[in-house]
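Below you'll find the structure, written out as structure tokens, and then a few comments.
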Amino acid sequence: MKPYTTALAMILVAMILSPVSLDLSLDGLSLKSPLRAAESSAQAAKGGTKHDSPKRSTSSTTEIGGASIGSRLSPQDVRELLVRHNSAREEVGAGPLTWSSGLAAYAQEWADHLASTGCKMQHRPGSGKWKQEHGENLLLGTVGYHGVVDAVTSWEGEKANYHGEPIDISTVSGWGHYTQLVWRNTKRLGCAKVECGHNVIIVCNYDPRGNILGQTPY
């Protein structure tokens, strides 16, 4: 078992884009290793905090089966993401997702933007240059400890909080990552990751988007 703590915080920042569609801009789960926590405590004791310059991955996009992945994930990352997503979906009778290189490129674009602007956890906004067009789940972890499997595990862990109720803005913060993961009408998945100092951000986008106000995921 990896030495990490449970998710520290999840804050709802919801924006309704239409009378029936809820864009769940849920702040991604944050995972911090005991080592990283100890480093932070030691820095605080010395009267200051070390600030790492944001670091963006610069390698080219990878390929799987001769086709572009769309992001800098490895073929193994893609396989693990699909297996974990589709296993969770199968449990509730939702059909499997297929990989979209276009969504993956879209996710990588936002991950790189977050890395270049201080590595802050933030969903795409509801308007402007970075307007959100798809469903989205985020996770902030520690380099060397957390990867794509940890992201899906964290999102799927919200299943214990969900009891079949329709999507409601007042209660969705406890399980919105999970319901997007298993949303029955979602067909395509694309994800990316980027390192920022000691942190890693994982972004997954979903199409069609889930978490429609007043509906249930399956």
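Things worth noting here:
- Exactly one residue out of 132, 122 is modelled with pLDDT under 95 and over 15 Å from residue 180 (Cβ atoms), and it is 122.
- Filtered residue count, segment 76-101, keeping only those that are in contact with a strand residue (DSSP E or B) (Cβ under 7 Å, 6 or more places away or on another chain) and closer than 11 Å to residue 192 by Cα: 3
Residues are listed down the side, and each one gets a yes or a no for (1) closer than 22 Å to residue 187 by Cβ; (2) surrounded by fewer than 17 Cβ atoms within 10 Å (Cβ to Cβ); (3) touching a helix residue (DSSP H, G or I) at 6+ places or on another chain (Cβ under 7 Å):
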{"position": "99", "(1), (2), (3)": "yes, no, yes"}
{"position": "102", "(1), (2), (3)": "yes, yes, no"}
{"position": "107", "(1), (2), (3)": "yes, no, no"}
{"position": "119", "(1), (2), (3)": "no, no, no"}
{"position": "123", "(1), (2), (3)": "yes, no, no"}
{"position": "144", "(1), (2), (3)": "no, yes, no"}
{"position": "148", "(1), (2), (3)": "yes, no, yes"}
{"position": "152", "(1), (2), (3)": "yes, no, yes"}
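The values are calculated or read from the model by the stated rules, or taken from the named source; none is laboratory data. None of the values given here were measured: they were computed from a predicted structure. Glycine also receives a Cβ, built like all others from the backbone with ideal geometry; neighbour counts cover every protein chain displayed.
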